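Reading through the structure tokens given below for one structure.
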Amino acid sequence: QVQLVESGGGLVQPGGSLGLSCTVSGTIFNVYTVGWYRQAPGKQRELVATITSSGSRNYANSVKGRFTISRDNANTAVYLQINIMKPDATAVYYCNAYSTANDYWGKGTLVTVSS
């Protein structure tokens with residue numbers, strides 16, 4: 001059974017930093033493009049960042065320069081470092097693992113940016 005488990009969400013003040021982690025189990029991690037998506041209250045889920053099996057990164061324009069995605073194939077994990085947080089970053093952040101054959105999602109972790 002494939003499982004994606006996110007951790008690291010919480011309450012952060014504007015301008016602060018936060019690191020999210022996602023561990024993937026039950027499948028061959030190395031073949032997947034993995035990434036982070038988010039869904040803010042009342043809005044649709046949107047792409048935050050992805051990283052391919054070869055390490056190519058893609059970011060939403062709104063997060064470029066402030067968010068950094070990385071992966072650890074040995075530990076089957078993907079990370080998201082969020083810096084200079086803004087209130088509009090408040091959302092549930094979801095981990096995703098995608099291949100041409102499969103598309104898996106975690107249950108999400110809530111990030112709230114507020115003073």
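Regarding residue 80, is this residue open to solvent by 50 Å² or more (accessible area, probe 1.4 Å), touching a Gly at 6+ places or on another chain (Cβ under 8 Å) and in contact (Cβ under 8 Å) with a residue 12 or more places away in the chain? No, not satisfied.
Taking first residues from segment 13-33 that are farther than 22 Å from residue 67 by Cα and partners that are of a type in the set (A, V, I, L, M), the Cβ contacts under 7 Å between residues at least 6 apart in sequence or on separate chains come to 26/2; 27/2. Among the criteria (1) without any contact (Cβ under 8 Å) to a residue 12 or more places away in the chain; (2) out of contact with any strand residue (DSSP E or B) (no Cβ under 7 Å at 6 or more places or on another chain), the one residue 88 does not fulfil is (1). Within segment 98-109, can one find any residue that is in a strand (DSSP E or B) and either of a type in the set (Asp, Glu) or under 12 Å from residue 21 (Cα atoms) (or both)? Looking through segment 98-109, at least one residue is in a strand (DSSP E or B) and either of a type in the set (Asp, Glu) or under 12 Å from residue 21 (Cα atoms) (or both). Filtering 30, 58 for residues that are within 13 Å of the chain's Cα centre (by Cα), farther than 30 Å from residue 115 by Cβ and not β-branched (Val, Ile, Thr) leaves a single hit, 58. Taking segment 78-99 as the range and being among the hydroxyl-bearing types (Ser, Thr, Tyr), more than 20 Å from residue 44 (Cα to Cα) and out of contact with any helix residue (DSSP H, G or I) (no Cβ under 8 Å at 6 or more places or on another chain) as the test, only 79 passes.
The values are calculated or read from the model by the stated rules, or taken from the named source; none is laboratory data. All values derive from a computational prediction rather than experimental measurement. All Cβ positions, even for glycine, are placed from backbone atoms using ideal geometry, and neighbour counts span all protein chains on display. We work out accessible area using only protein heavy atoms, side chains counted, and drop any ligands, DNA or RNA first. Shrake-Rupley method; radii C 1.70, N 1.55, O 1.52, S 1.80 Å.
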